[in-house]
Each structure stands twice: as C-alpha cells, then as structure tokens.
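Input: a single structure, listed below in structure tokens.
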Amino acid sequence: MDLKTVGTVFVALFLAELGDKTQLAVLSFTAGGRGVWSVFLGASLALVASTAFAIVVGRGLLEIIPAEYLRLGSAALFIVVGVLLAVESIGALRSG
C-alpha cells in the first residue's frame, strides 16, 4: 500500500467534500433528530459504495482506454463542470 497515495487521496477528497451536498444532507439528517450514529453509518456506507463503484468503473475503463486519455478526459470534465457552475452562478447573481 502506497501511503503517499492514501494521504493525497484523503486530503483531496476531504477538501473537495467540505460544504458539499453530501455534507449538507448529513447535517440535515442529524439536525432533523435522526440518530447520530445511524446517520454516520448510512453516510459512511454510501460513500464507500460510491467509491467502490468509481474504482470498478475506473479500472474497467483503464482496460480499454489508455491512462493518459482518461486523465485528459477527467480534466476536461472538471473544466466543463466548473464552467457550467460559473455560468449558473453568474445567472443567479444577475437574476437575484
């Protein structure tokens, strides 16, 4: 196991999840009087399941698409999502 990779992935995902919809949903469930440990377990299992799905899909894609193209595609997708979010935010500022 590569501890440097573990640390890099942990920091990247931890920072990406701060203020994320998932975190807000967990906050909402907890504030709604749901059991803290039940919410923690449900949220943790959901994150593990979605991560496992991403790993299986990523590994499968790696079998048919070279890693360089996957990285380029991922970068392009992040840019597209960022631009769409920026356009949406600008539209909300103008209308609101």
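The values are calculated or read from the model by the stated rules, or taken from the named source; none is laboratory data. Worth saying up front: this structure is predicted, and the values here are computed from it rather than measured. A quick note on method: Cβ atoms are made from the backbone with ideal geometry, for glycine too, and the neighbour counts reach across all protein chains shown. Areas reflect the complete protein model, heavy atoms only, side chains present, ligands, DNA and RNA absent. Shrake-Rupley method; radii C 1.70, N 1.55, O 1.52, S 1.80 Å.
Answer yes or no as to whether residue 93 is modelled with pLDDT under 90, among the aliphatic types (A, V, I, L, M) and in a helix (DSSP H, G or I).
yes
Charged (D, E, K, R) and surrounded by 11 or more Cβ atoms within 10 Å (Cβ to Cβ): which single residue out of 34, 59 fits that description?
None of the other options fit; the residue is 34.
Tally up the residues in region 66-78 that are among the hydrophobic types (A, V, I, L, M, F, W, C) and open to solvent by 60 Å² or more (accessible area, probe 1.4 Å), please.
3
Mind checking whether some residue in region 25-34 is without any contact (Cβ under 8 Å) to a residue 24 or more places away in the chain, among the basic types (Lys, Arg) and not in a helix (DSSP H, G or I)?
yes
Hey, among 84, 61, which residue is more than 22 Å from residue 10 (Cα to Cα), assigned to a helix (DSSP H, G or I) and in contact with a helix residue (DSSP H, G or I) (Cβ under 8 Å, 6 or more places away or on another chain)?
From the options 84, 61, the qualifying one is 61.
Looking only at region 8-31, which residues are over 25 Å from residue 82 (Cβ atoms) and surrounded by 10 or more Cβ atoms within 10 Å (Cβ to Cβ)?
Correct list: 28, 29, 30.
Of all residues in region 64-81, which are among the hydrophobic types (A, V, I, L, M, F, W, C) and part of a helix (DSSP H, G or I)?
64, 67, 70, 72, 75, 76, 77, 78, 79, 80, 81
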